[in-house]
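The values are calculated or read from the model by the stated rules, or taken from the named source; none is laboratory data. Computed from a predicted structure; not experimentally measured. FYI the Cβ positions are ideal-geometry reconstructions off the backbone, even for glycines, and counts take in every protein chain you see. Surface areas here come from the heavy atoms of the whole protein model, side chains and all, with no ligands, DNA or RNA. Shrake-Rupley method; radii C 1.70, N 1.55, O 1.52, S 1.80 Å.
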Amino acid sequence: MQEVLRIADKVAVTDAGVLITGESGSGKNLLAEYIHQRSKRAAKNAVKIDCAALPRELIEAELFGFEKGAFTGAVSAREGRIERADGSTLVLDEIALLPFDAQAKLLRVLENREFEKLGGNHVQSVDVRVIAMTNVDLENAIARRTFREDLYFRLNVVRIKMPRLSERREDIAPLAENLLRYFAEKHGIGGAEMTAAAARLLQNYDFPGNIRELSNLLERALILSASGKIDAGDFPAALQNAVPSNSKKWLSLSDLEERHIRETLRFTKGNKSKAAELLGISRKNLYEKLARFSD
């Protein structure tokens, strides 16, 4: 991430096109905002369009705007996102899903800084910086002829790849702490914190949904926790049972013991006397172990 931010800081002060790649939930939107906020265009809000969230027939109208009567239902003229982003930054999410015809029009904006509204014949000038994002391989899209090669090269002046959260495990703890503080303030929950067992569980998880999944897990656990102190048992069973392949070889005996005890408690539906009996230890010993896991 330090290398990602180093590149972002260098490109932010220019008007160069930026292509941010990476898995869903890895933080591409945050990086785009980070670049915009450090650019000379930061005085105006960045304008975003999600190409995956709109029907294909509406993307061009949203992007370029339209004149009155351009199509059925166009009862008045309307500005598009490109016009709204004049003097600022246009962030295009899921750029691979931009319709092929719209790609040619976007290329004109990048090359000549001009566009026409749908149904119009007036060429408008625009000063806009474009940051595009994708979680798919655009080179493969070019090979399938669903994405224009010339647009790809215009967008791909500086390419930044966001790493998966599982590739930056040292960031999980500080990210979790910041997110927990944010959600505690959002929901008015005082004294929010995580036990060591909860932190270890997050550290050993692969996070296929990346930072977005971490965020959702923490908000859910905080809301459902009894006291604002999140323990491993406050996370979904699917997370508790997940053992990432890259951690199987280095789980400590203490970690294995904790997982076995918590799995036994889930089996007994929280009945500690029954769990102690199945584990072959006294109820007092079970309480001592649980207290140690929560330290």
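Side notes on the structure shown:
- Applying the condition of being under 18 Å from Arg154 (Cβ atoms) and open to solvent by 20 Å² or more (accessible area, probe 1.4 Å) to the stretch 119-135 and asking which residue is nearest to the chain's Cα centre (by Cα) yields Asp127.
- Unique residue being open to solvent by less than 10 Å² (accessible area, probe 1.4 Å), in a helix (DSSP H, G or I) and under 29 Å from Asp137 (Cα atoms) when the list is Ile172, Ile211, Ile160: Ile172
- Identity of the residue in the stretch 138-157, closer than 17 Å to Leu92 by Cβ and within 23 Å of the chain's Cα centre (by Cα), that ends up surrounded by the most Cβ atoms within 10 Å (Cβ to Cβ): Leu155
- For the stretch 260-283, filtered to residues that are small (Gly, Ala, Ser) and exposed (fewer than 14 other Cβ atoms within 10 Å of the Cβ), the residue that is nearest to Gln240 (Cα to Cα) is Gly270.
- So Glu33, is it charged (D, E, K, R) and closer than 28 Å to Ser125 by Cβ: yes
- Consider the stretch 40-78 and keep the residues that are within 15 Å of Asp127 (Cα to Cα) and in a loop (DSSP other than H, G, I, E, B). The one that is most open to solvent (accessible area, probe 1.4 Å) is Lys40.
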